[in-house]
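Data block below; observations after.
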Amino acid sequence: MPRAFKRLFIALRPLAVAWLVCFLAPGCEALAQSASVPPTEASVRAAFLYRFLDYVEWDRGHLEPGQTIVIAVLGNDEMLDEVQRTIAGRRSHEHPIEIRKLSAGDDLTGVQVVYVGTPSSAAIAAMAKRAMAASALLVTNAENALALGSDINFVETDGHVRFEVDLGNVERSGLRLGSGMLSVALRVRNSS
Amino acid sequence: MHSRLERRLLVALMSFLTLSIPALGVASGPVQVADNLADMSLEELSNLQVTTAAKRAEKLSDVPASVYVITGDDIRRSGATNLGQALQLAPNLEVAQVNSENFAVSSRGFLNLVTNKLLVLIDGRTVYSPVLSGVFWNVQQVMLEDVDRIEVISGPGAALEGANAFDGVINIITKSAADTLGGVAIAAGGNNQRDYQLRYGAPLGDAGAFRIYAMHTDDFGTTRTDGASEDDDMRRDQAGFRYDYSGAAGDHATLQGDIYQGTIGSLAGSVEYINGANLLGRYAFDLHDGSRITLQSYIDHAEQIVPRGLSDTFDVFDIEIQDDLARIGDHNISLGGGYRTGYDQTPPTEVEHFIPQNRTLYWSNIFAQDQYALTQTLTATLGLKIETDVYTSPQYMPDVRLAWKPAPDHLLWAAASRAVRTPARVDRDFYFPSQPPYLIRGNSEFQPETGDIYELGYRAQPSGRFSYSVTAYYNQLDNLRSGQPSPLGGFVIANGMSGYGTGLEIWGNYQALDNLRLSFGVDEIRQNLHRDAGSLDPTGPSALGNDPRHMVKLRATYTISPTVELNAAFRYVSQLAYLPQVPAYNATDFNLRWRATPKLDLSFAVLDAFHAQHVEWEDSSGAPGVIPREFLLTARYSF
């Protein structure tokens, strides 16, 4: 991106701010800085994604002992970056973890977790079918996603990231979830 | 033809200007790389307080203003094929379909053909005609498939936007190019229109993505109650692109543009032409001190040639900057400013002319806003916008809002604001007819219309399945546009009406079953306007707009199976208050969507299923256009 432009701007900014402040509210310039910055929603979701691995059981055939767990991220580059930043290089017990960018038509063979970062219900519904067939855990971030076939869906409530679970979808995917996870979930439903 | 002529005149006479530069809708907290998040337990993660990537957009539930968000999914479920139909989904908007291609859209009163005190932005670019101060809804179009959401704020420019619009702000926001990868082809056909749309998006470089689109629309046109043609058949082509770049440091750049052309009334004696193009760039980045800068600039060319109405060519350049400072103690401060200049050319037509014929216009503004957390649950938002233009002295628009959040899912808010509608060329430079003796003259002394607006609102989500919002408002309105007999003959435009408007906006959502979602909305509008003492205005308040007193909107989305979904929408609009009176009407729309294969969606829509036709708006011609029952079959293929 135009770095020179950015530098120029940074250089000129005190002038611009001073101009605005003087124009609008003379004398309110003593501005302190606040130190603590809360984490972003995306980074907390990425951490959740990693923590979920502790509670999911795949059938043999879909995850052998010691096999790499593949997390495929669809749709949102920001989320992919965040997942990579948070999880890359970590292991889940004896399993190494690989993070992969997923495109809509990609094969899901050998993928254990699919994260759909877009709120598009068409994308979620299409992916739900395929994830179910491939016994992959589908994690989403969209209103009404459980009804579209998602297993775990992130919900933002009052500045907190929470998640909801559909055990019916989980079961149809041939997966099992540990009860420790269900007790933390915001909602657990069991669709038939 | 006659109706079109008169309609265009009405357009010219009754248009109002609300000019302001919006606060940019993008603001983001600084990105923090938290190495240890992944070591936290699920419970610890659940309890973490977070900032959102798009702070303002995602926290609309906390905004102390009357905000309704139409999501992209809502639009696609509804079967809407143009912006006017999409806006009908908002319970806090009055939308009257005028004919097959045009709509009157307003908020909190003053519904008119070119309505008036409502600011409209498409991806941060104002689409107000700053000459006639209104939005031509038959000119504005976007590819609805790629709309992310439409934020409808009723009331004066909400605290988030800065004090800018009078009665409301509509923000039409399209998706980032990163969220529209791949191809989509849409073909739709029915008894009243034919549409083709094509879009393709792909990654570009390591951190960028682009999309290009093209669309063709063919509206067949409607008839009037007397059986004559409304001369509203419209053919229109539009194409455009969008590029988005997201850098690792949280910087985000967007470059987008559109180009369009169209003809209206090709079967009529006088064809109308429209064409235009625009190019917008936006760059947002974080500074080391935790504040975020957003810069935006655009150029826009819009031309319409209406031989028996009003012809106009407007070229505009706009630049804006916003600085969201890092939080300082209990204060969240935003500062910004903008400058816009344009050259407006209004060649005389058969019915009017402007003196001077061409004019350079400019606007500049600065604004500041402080969101001050008084206590844990009580937040005050103080905003001020100062704007100058070519016609008037600087206008001050202060805005004070208080929000009390007694519990996480409850918000009680109150606001007091000053809103201003500044003079436009149609107030100052307009003359009718095209030759003397003039019946209507612009007034170089015309002053801004003003409103002192008080609002009280409550929003709650008592359960995971039910949420609602209630807002009441009182508008003290002064210096409204009117006419006054001129010593030179005819009438001269003047500030000669005032009064007040009150109303109530209620809406809610209820997830009745896991696969059944219900929404409702009620909008009550009362305008009490009168001529000022000494005013000899010939028409009175009816010239300012014609509103229903009651509106009710109901919507249901029923997911029948994972591949089949039914959407039903009902709206009732009571009789319009003034002459010409449009009787009360109701319309019920259905849209059935079937995902035939993962790549192919088919949908079938019936609009106004239970009536052969109805009328939503009447101009002064005595024979309004009728909106017929409409069938539409749509195929959407993704690749």
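The values are calculated or read from the model by the stated rules, or taken from the named source; none is laboratory data. Source: prediction; values computed, not measured. Here the Cβ is made from the backbone with ideal geometry for all residues, glycine too, and neighbour counts use every protein chain on show. The protein model used for the area step is the full one, side chains on, heavy atoms only, and it has no ligands, DNA or RNA in it. Shrake-Rupley method; radii C 1.70, N 1.55, O 1.52, S 1.80 Å.
Of B:Tyr558, B:Val420, B:Leu255, whose Cα points farthest to the positive end of the dipole of the protein assembly as shown (charges on the beta-carbon: +1 Lys, Arg; -1 Asp, Glu; origin at the Cα centre)?
So the residue we want is B:Tyr558.
Calculate log10 I(q)/I(0) of the protein assembly as shown for q = 0.06, 0.07, 0.08, 0.11 Å⁻¹, where I(q) comes from the Debye formula with a single equal point scatterer on each Cα and nothing for solvent.
Taken in order of the listed q values, log10 I(q)/I(0) reads -0.39, -0.53, -0.70, -1.34.
Once you list every other residue whose beta carbon is under 11 Å from the beta carbon of B:Tyr585, what net charge do they have if Lys and Arg are +1 and Asp and Glu are -1? List each step's numbers first, then the result.
Working: positive: B:Arg571; negative: B:Asp608, B:Glu616.
Around B:Tyr585, the charge tally is -1.
Relative to the Cα centre, what is the charge dipole magnitude of region A:41-189, using +1 at the beta carbon of each Lys and Arg, -1 at the beta carbon of each Asp and Glu, and rounding to the nearest 20 debye? If you can, show how the numbers build up before the last one.
Details: 15 positive and 20 negative charges, 45 e Å.
The calculation lands at about 220 debye.
If a/c stays under 1.5 just call it rounded; otherwise compare a/b with b/c (prolate if a/b is bigger, oblate if not). Do that for region A:41-189, with a ≥ b ≥ c from the square roots of the Cα gyration tensor eigenvalues.
Note, shape of region A:41-189 comes out rounded.
Considering every residue in A:41-51, what mean count of other chain Cβ atoms within 10 Å of its Cβ is obtained? Mind showing how you got there, number by number?
Values: counts 9, 4, 10, 8, 3, 3, 10, 6, 1, 5, 9.
For this peptide, the per-residue mean of nearby foreign Cβ atoms is 6.
For chain B, report the accessible area per residue in Å² (1.4 Å probe, heavy atoms, rounded to an integer).
Working: 22490 Å² over 639 residues.
On a per-residue basis, chain B sits at 35 Å².
Pull up the DSSP beta bridges for the protein assembly as shown and report the antiparallel fraction as a percent, rounded to 5.
Numbers: 289 of 316 bridges.
About 90 percent, rounded to the nearest 5.
Quick one: putting +1 on the C-beta of Lys and Arg, -1 on the C-beta of Asp and Glu, what dipole do you get for the protein assembly as shown around its Cα centre, in Debye to the nearest 20?
480
Mind checking B:173-181 for the average number of partner chain beta-carbons within 10 Å of each residue's beta-carbon? Let's see the in-between values first.
Details: counts 0, 0, 3, 4, 0, 6, 8, 2, 6.
Across B:173-181, the average partner-chain Cβ count within 10 Å equals 3.
Rounded to the nearest 20 Debye, what is the dipole magnitude of chain B about its Cα centre when Lys and Arg each give +1 and Asp and Glu each give -1 at the C-beta?
On the way: 49 positive and 74 negative charges, 152 e Å.
So the dipole magnitude of chain B works out to roughly 720 debye.
Using alpha carbon centroids, what distance separates region B:574-639 and region B:473-540, in Å?
Taking the Cα centre of region B:473-540 as reference, the centre of region B:574-639 is 26 Å away.
Of the accessible area of region A:52-171, with the probe set at 1.4 angstrom, what percent is carbon plus sulfur? Could the numbers behind the result be given before it?
On the way: 2120 of 4490 Å².
Answer for region A:52-171: carbon and sulfur cover 47 percent of the accessible area.
Compute the Cα gyration tensor for region B:517-639, then decide on rounded, prolate or oblate, letting a ≥ b ≥ c be the square roots of its eigenvalues: rounded whenever a/c is under 1.5, prolate when a/b is larger than b/c in the other cases, and oblate in all that remain.
Prolate.
Provide the buried accessible surface between chains A and B in square angstrom, both chains summed, 1.4 Å probe, rounded to the nearest 100.
In total, chains A and B hide about 5300 Å² from solvent.
Does region B:105-200 classify as rounded, prolate or oblate by the C-alpha gyration tensor (a ≥ b ≥ c root eigenvalues; a/c under 1.5 gives rounded; else a/b over b/c gives prolate, otherwise oblate)? Please list the in-between numbers first.
Numbers: a/c = 2.67, a/b = 1.54, b/c = 1.74.
Oblate, since a/c reaches 1.5 and b/c is not below a/b.
Can you list the HN-Hα couplings for region A:177-192, worked out from phi with the Karplus curve (6.51, -1.76, 1.60; θ = phi - 60°), rounded to whole Hz and with x for Gly and Pro?
Result, rounded to whole Hz: 10, x, 5, x, 6, 5, 6, 8, 4, 5, 8, 10, 10, 9, 6, 9.
Specify which residue in the list B:Phe367, B:Gly545, A:Gln67 is farthest towards the positive end of the charge dipole of the protein assembly as shown, using unit charges on the beta carbon of Lys, Arg (+1) and Asp, Glu (-1), about the Cα centre.
It is A:Gln67, whose Cα lies furthest towards the positive end.
Toward the positive end of the charge dipole of region A:41-189, about the Cα centre and with charges on Cβ (Lys, Arg +1; Asp, Glu -1), which of A:Ala46, A:Tyr115, A:Val188 goes farthest?
Checking the options against the dipole of region A:41-189, the answer is A:Val188.
Under 5 Å between amide hydrogens, which residues at least 5 positions from B:Gly134 or on another chain qualify, with H placed 1.01 Å from N in the peptide plane?
Residues meeting the criterion, in which the H sits 1.01 Å from N, are B:Ser129.
With θ set to phi - 60°, apply the Karplus curve 6.51 cos²θ - 1.76 cosθ + 1.60 along region B:575-588 and write out the HN-Hα couplings as whole Hz, x wherever there is a Gly or Pro.
3, 5, 5, 10, 7, x, 7, 9, x, 4, 8, 9, 9, 10
When the Cα centres of region A:149-192 and region B:383-446 are compared, how far apart do they sit, in Å?
Result: 49 Å between the Cα centres.
Taking 32 Å as the cut-off for C-alpha to C-alpha distance, list the pairs among A:Lys101/B:Lys405; B:Lys117/B:Lys175; A:Lys101/B:Lys599; B:Lys175/B:Lys599 that go past it.
On the way: A:Lys101/B:Lys405 40 Å; B:Lys117/B:Lys175 27 Å; A:Lys101/B:Lys599 20 Å; B:Lys175/B:Lys599 20 Å.
Beyond 32 Å: A:Lys101/B:Lys405.
Could you name the aspartates and glutamates in cross-link range of B:Lys553, using Cα to Cα under 16 Å and dropping any fewer than eight places away on the same chain?
Result set, ordered by chain and number: B:Asp74, B:Glu94, B:Glu505, B:Asp523, B:Glu524, B:Asp589, B:Asp608, B:Glu616.
Taking just the alpha-carbon atoms of chain B, what radius of gyration and Dmax come out, in angstrom?
Rg then Dmax for chain B, in Å: 24.0, 82.
Taking the alpha-carbon centroid of each part, what is the distance from region B:327-352 to region A:76-145 in angstrom?
Answer, in whole Å: 43.
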